[in-house]
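Before any comments, here is the structure.
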Amino acid sequence: MARAKRRTVQEHGAHPVDVLVGQRVRMRRVLCGLSQTVLANRIGLTFQQLQKYESGMNRISSSKLWAIACELDAPVQWFFTDAVAGKGPDVEFGTKRETLELVRNFMNIESDETRQLFLSLMQSVSNQYGGVKDAAN
């Protein structure tokens with residue numbers, strides 16, 4: 001009986017689920033304010049291996065995904081969110097580093113009043129420099 005040909009990353013590219021999970025790891029890591037080096041050290045990897053995980057080039061074993069989830073304070077299923085629906089993590093709010101850092105810093109503002117002032121400032125700047133107008137205006 002013939003064996004099925006093994007799927008290789010070099011020949012077929014990274015599997016879409018591996019890419020999705022890797023993007024979610026990167027997103028959560030940046031939101032937590034951790035560098036690749038810091039997270040990798042905490043879970044017993046090199047930063048190069050973590051880079052390969054985040055790009056989807058290497059699959060994350062279940063034990064490493066568990067360790068990553070614990071370090072990033074996220075349930076394991078969060079890394080698969082939207083995979084069933086075929087949506088990528090960019091559907092949530094994007095994966096650009098500056099977007100993730102903006103969200104992380106915004107979430108660190110404790111005062112509701114300060115958050116509202118910041119939102120007003122961002123809307124004003126966006127309107128001033130050609131951004132999308134607020135639907136309420």
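A few notes on this one:
- Around ASP73: net Lys/Arg minus Asp/Glu count, Cβ-Cβ under 14 Å: +4
- Per residue, segment 2-77 exposes 60 Å² of solvent-accessible protein surface, assessed with a 1.4 angstrom probe and all protein chains in place.
- Cβ-defined net charge surrounding CYS32, 15 Å radius [Lys, Arg +1; Asp, Glu -1]: +3
- Net charge over other residues, Cβ less than 15 angstrom from the Cβ of LYS64 (K, R count +1; D, E count -1): +4
The values are calculated or read from the model by the stated rules, or taken from the named source; none is laboratory data. Remember, predicted model here, so these are calculated numbers, not experimental data. We place every Cβ from the backbone using ideal geometry, glycine too, and count neighbours over all the protein chains shown. With ligands, DNA and RNA removed, areas are computed over all heavy atoms of the protein, side chains included. Shrake-Rupley method; radii C 1.70, N 1.55, O 1.52, S 1.80 Å.
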